[in-house]
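A quick write-up on the structure given underneath.
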Amino acid sequence: MRVLVITQGEYGRRMFQNVREHAPPTWTVEQWHAPVNLPLVMDYPEEYVPQELPVSDLLVSLGENPGLAELVPEVARRTRARSVIAAMDRLEWLPKGLARQLARWLQDLGVRAVFPRPLCSLTETHYNVGRFRVEYHDERIAEFARHFGRPCFRIEVDAAHKTIVAAKAERDAVCGCARYVASGLVGVPVDDAEFQAGMLHHHYPCLAAMGIDDDFSDTLMHVSGNITRDEIKEQIRLYVTVQYLTPQGRVDEAPTHPSSGEA
């Protein structure tokens, strides 16, 4: 698969480097560094796009300026890409209304697009979380999501000592956070693993927004962290100690049974 990653700054550069370094050997991963200072409205967006761009199957748009959305359709046209992943890790970079407009522009070109919020919610079949979950069907996006998207882990536990002895990110986040979290879990007691995963995610750091998202009543950084913690929790749930608390003063009475002579 031929992937073109569109970047504008450090946010996109880090993600591009992680994808290029860990992509399957059959992929070609290239980068176009788009102009940083773009006007909000452009009469001729094509003037900002190079004439020569590599032919691509999939575009991954990691813009840091709302103006980039106007360039993506022209990039898709010139690269002949049929699929687009447009990250929505920060709404000031790609507001929801502009994302809907971009989706219509791309649909008119026959290009399928997804808009994961946060980017690490992307799987082979859907993106986003909770009631905002969106299903999609696209083989190129699904191929990308098999390797980069919602973190997926394989964890081995020493059952006798209830300690993690091996951890691997079977699907990394686009930013590389899942691989980092997995590397920090070896040797951690399973009862501490969920908390430790959250701390590792926090210190990576996550590239999602730290401002409150009105839809989630939380930051996208916390939404992303909860995705990682939930995946770890599922992997270790059979080994975690479950504690039950009995209210002070409560006495559980033994069940009574009718005598043999009662009807």
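Just so you know, all these numbers are worked out from the coordinates, no wet-lab data involved. Note that the coordinates shown come from a computational prediction; the quantities given were computed from them, not determined experimentally. Don't worry about glycine lacking a Cβ; one is built from the backbone with ideal geometry, like all the others, and counts go over all protein chains shown.
Taking all pairs of distinct Cα atoms, average 1/r, flip it, and tell me the Kirkwood hydrodynamic radius of the chain in Å to one decimal place. Write down the numbers at each step before the final one.
On the way: mean 1/r = 0.0492 Å⁻¹.
Taking the inverse mean of 1/r over all distinct Cα pairs, the chain comes out at 20.3 Å.
Across the chain, where is the longest run that never hits GluC sites (Glu not before Pro) in a DSSP loop with at most 13 other C-beta atoms within 10 Å?
Numbers: sites that count: Glu52, Glu92, Glu253, Glu262.
The reported range is 93-252.
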0 to 90° range, to nearest 10: angle between helix 10-22 axis and the chain longest Cα axis: 70 degrees
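If you average the sequence gap of Cα pairs under 8 Å that are 6 or more apart and divide by the length of the chain, what percent do you get for the contact order? All intermediate terms of the calculation are to be shown ahead of the outcome.
Numbers: 467 pairs, mean separation 34.7, N = 263.
Over the chain, the number comes to 13 percent.
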Least to most buried among Thr26, Thr228, Thr163 (fewest other Cβ within 10 Å first): Thr26, Thr163, Thr228
Estimated [θ] at 222 nm from DSSP helical runs (n ≥ 4, -39500 (n - 2.57)) normalised by residues in the chain, nearest 500: -10000 deg cm²/dmol
Segment 60-105: trypsin sites (Lys or Arg not before Pro) falling in loop per DSSP and having at most 15 other Cβ within 10 Å: Arg80
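What percent do you get for the relative contact order of segment 2-145 when only Cα pairs under 8 Å and 6+ apart count?
On the way: 251 pairs, mean separation 28.8, N = 144.
For segment 2-145, the relative contact order is 20 percent.
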Bridge type composition, the chain - antiparallel percent by DSSP, nearest 5: 40 percent
Label-point separation, Asp108 to Arg133 (7 Å along Cα→Cβ), nm: 3.3 nm
Percent RCO, i.e. relative contact order, over segment 164-247, from Cα pairs under 8 Å lying at least 6 residues apart: 25 percent
Residues of type aspartates and glutamates that Lys168 reaches as a straight line, Cα spacing below 13 Å, ignoring anything fewer than 8 places off in the same chain: Glu156, Glu231
Nonlocal amide H pairs with Val5, under 5 Å, H built at 1.01 Å: Glu30, Gln31, Trp32, Val60
Orientation-averaged projected area, Cα convex hull of segment 152-236 (nm²): 5.2 nm²
Angle in degrees between helix 190-203 and the longest Cα principal axis of the chain, rounded to the nearest 10: 30 degrees
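Taking all pairs of distinct Cα atoms, average 1/r, flip it, and tell me the Kirkwood hydrodynamic radius of segment 1-97 in Å to one decimal place. Kindly include the intermediate steps, with their values, before the conclusion.
Numbers: mean 1/r = 0.0739 Å⁻¹.
Mean inverse Cα-Cα distance, inverted, gives 13.5 Å.
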